[in-house]
């Protein structure tokens, strides 16, 4: 599959709208020339660009540094904070979910503990 510069242009434009960021701000944040940003966002002049250019634009758009490169190649973009390796990123998602579950269980346990202590004092089961 060839490079999809149209998808890159759509992604950049959509993200600019999401962030309410003008192209001038993207130029400033990415340190990519105004002309190159205009060409990429507009999908007008399609020529090979350095991966560093796409990384700089991705980071300035608050995306994973490899996001626009993945879009260009027709791949699923990695998420911010991800490793770029889908298997490792899924493992991170599982760890995050387990952390949430454990925190929730701790809160439940802290609410049940006083009930258990009260039950031991009077010897009766209230359930």
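So here's what we get for this one:
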read-out: Residue that is farthest from the chain's Cα centre (by Cα) [pool: residues in region 10-37 that are assigned to a loop (DSSP other than H, G, I, E, B) and under 18 Å from residue 52 (Cβ atoms)]; value: 33
read-out: The lone exception for residue 82 - which of (1) outside any helix (DSSP H, G or I); (2) surrounded by 16 or more Cβ atoms within 10 Å (Cβ to Cβ); (3) at pLDDT 75 or above it fails; value: (3)
read-out: Yes/no for residue 111 being at pLDDT below 80 and on the phi < 0 side of the Ramachandran plot; value: no
read-out: Options 39, 55; residue that is buried (at least 17 other Cβ atoms within 10 Å of the Cβ), farther than 17 Å from residue 79 by Cβ and without any contact (Cβ under 8 Å) to a residue 24 or more places away in the chain; value: 39
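The values are calculated or read from the model by the stated rules, or taken from the named source; none is laboratory data. Bear in mind that the values here come from a model prediction, so they are computed numbers and not experimental data. Here the Cβ is made from the backbone with ideal geometry for all residues, glycine too, and neighbour counts use every protein chain on show.
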